[in-house]
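Participant: One structure coming up, written as structure tokens, with questions to follow.
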Amino acid sequence: MSTVFLFFALVAGIFAQEKPGAILRLKQEALEYGSRIAPRILQNILDQATFENLEDKDGLVSYKFNKVSLEQTEIGNVKVEFDPSINGISVTLQNSDSSLSMDYESSIDMVLTTMQHSGSAQISLKDVDVDVKIAIEMDSDRIPTLRTLGCKASIRKCDFSFSSIVVDWMYSTMSKIIPNKLRQWTEEKFCRVISEYIDTKTQETIKSVKLHSVMDDLFKVDYSPLSKVSVSDRSIEAGHRGEVSWKSDSSRSSLKADDLPREDQDDENKMFNLWLEEYVAKTFAESAHSHDYLKARIAEDTISEQDQREKLRLSYASSLIPELSSNSPDSYFQVEVSSNKVPDVEISEEGVRIQLHGDVQVSSGSGSNSQQLFKLKTSVKLLARAHVEGNSLVPDILSYDVETRDLTQMQINPKEADALKFTHMIVREIAVKQIDKLARRGLPLMSLPDLRLVDPAIRFTNGSVNLATDAQYKDFD
């Protein structure tokens, strides 16, 4: 049943006062999907179940069953529901049929002798119902766990047939005792098989949930659970850290997340609703600035030989300032762009607005022969939305605006208008394209093995992004 319970692995957490940067809610649509695929999963569980021998005595009748095997099972209706009373879910299986085959040895103590009989038998089980209560908890190591609180199975009809001839009086005696014993034994066995799977096997799958990812080989994305799982009659919800930090830096951001939207703002028609607060983007911006990720050098030697178009753009940009070529006609020039302040990030219904603050320094020559020509300050305002690729949220830059100020005269004295054109060209044709290329790698999301997102929809609100999506497991395409 691991593929059903994989759904719940992402929503386990621990108590914490820190507000989450991400909230995941599992909606009714997910439980309905679980109800649809559960019969196949339960079928697999029961098909792999092993049955121990049964030996007992009831009054004068002694019996022993061995080589017990489940011959056929037809799973009926399965219903999965939120259950706030246990902070978990309830699973109900109704109207299933099954049959068991076995060898048996039986005896009846008589006054003067003992009558014995052996052979094989078939048990037909009709209208099997199973009710399971499953709590969502976590262990002392902060690992999400699913625990069976209770399981009740009932078999309304149990038919017992022998494969060999049994005298009437012996059959009559055995048929009054053995079917009830087998019914009780099978009910207990069904519950034990299901409970053991939930309590043990699912934990191996839960541990494979990816709550930590690496982005661009330099950043780590931390979706560690922060808040206690909360189960309502409409969803299962838990908060996650949602912090992006430098991969080799173990320190935590000083930034704090704000409140995320309530449940009534979810898309009720999707299985999952993942909310990401501005905190996620702000911690990325803070870390990128602090570790010089937003620093670039643009020159002929940074452009590949095959990328002639970029070289032409660089050449054209230099032509916008005549003083560049007249000052150093025999040497190429280079531009260094670096962030001088943590970028501003704001999420609204339009999308994500980012303002980058930087210094632009123009030099000629290279190495020890490098000579600063002039520098200025610039800011770039970007507006982006996003789409989903695989398990990543990928930004789409919709527009940008470049502002230039504080031109500092160095070795040359370019006109301010020329410097503005030059900077705008560099940012527009090269820097923004590099930013877009980096953004294309996307923000990794929490993910489950073999889980494919289906028809994801992204919605922007004031202060957060909502990803509402359905999902499908590889084995149930």
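The values are calculated or read from the model by the stated rules, or taken from the named source; none is laboratory data. Note that the coordinates shown come from a computational prediction; the quantities given were computed from them, not determined experimentally. Quick reminder, even Gly has a Cβ in these numbers, built from the backbone with ideal geometry, and neighbours come from all protein chains shown. When the accessible area is computed, the model is the full protein with side chains, heavy atoms only, and any ligands, DNA or RNA have been set aside. Shrake-Rupley method; radii C 1.70, N 1.55, O 1.52, S 1.80 Å.
Participant: Given the conditions (1) closer than 21 Å to Leu182 by Cβ; (2) at pLDDT 90 or above, which single one is not true for Glu29?
Facilitator: All conditions pass for Glu29, except number (1).
Participant: Between residues in segment 227-244 that are touching a residue at least 24 places away in the same chain (Cβ under 8 Å) and farther than 16 Å from Asp259 by Cα and residues that are assigned to a strand (DSSP E or B) and aromatic (Phe, Trp, Tyr), which pairs lie under 9 Å by C-beta distance while being six or more apart or on different chains?
Facilitator: Short answer, once both residue conditions are applied: Val231/Phe82; Ser232/Phe82; Asp233/Phe82; Arg234/Phe82; Ser235/Phe82; Ile236/Phe82; Val244/Phe219.
Participant: Next question, about the same structure. Of all residues in segment 434-477 being part of a helix (DSSP H, G or I) and not aromatic (Phe, Trp, Tyr), which is modelled with the highest pLDDT?
Facilitator: Lys474
Participant: Could you tell me whether Asp359 is in the same structural domain as Gly242 (by the TED database), part of a strand (DSSP E or B) and under 30 Å from Pro261 (Cβ atoms)?
Facilitator: Taking the combined requirement at face value, the residue does not satisfy it.
Participant: Turning to a different aspect of this structure: Among the residues of segment 81-118, count how many are within 25 Å of Gln184 (Cα to Cα) and of a type outside the set (Ser, Thr, Tyr). Don't jump to the end; show me each part of the working.
Facilitator: At the first step, the residues of segment 81-118 found to be within 25 Å of Gln184 (Cα to Cα) are 90-109, 116-118.
From what's left, of a type outside the set (Ser, Thr, Tyr): 91, 93-95, 97, 100, 102-103, 105, 108-109, 116-117.
The number of residues fulfilling the criteria is 13.
Participant: Also, I was wondering about something else. Looking only at residues that are assigned to a strand (DSSP E or B) and either modelled with pLDDT under 85 or more than 28 Å from Glu263 (Cα to Cα) (or both) in segment 197-219, which one is most open to solvent (accessible area, probe 1.4 Å)? Before the answer, list the steps.
Facilitator: To start, the set of residues in segment 197-219 that are assigned to a strand (DSSP E or B) comprises 210, 212-215, 219.
Next, from what is left, pick out any that are either modelled with pLDDT under 85 or more than 28 Å from Glu263 (Cα to Cα) (or both): 214-215, 219.
Working: Val214: 77, Met215: 21, Phe219: 1 Å².
Selected residue: Val214.
Participant: So, one more: Do we have Asn269 as open to solvent by 60 Å² or more (accessible area, probe 1.4 Å) and within 30 Å of Phe162 (Cα to Cα) here?
Facilitator: no
Participant: Only one of these is open to solvent by 20 Å² or more (accessible area, probe 1.4 Å) and modelled with pLDDT of 85 or more: Lys341, Lys375. Name it.
Facilitator: Answer to the selection: Lys341.
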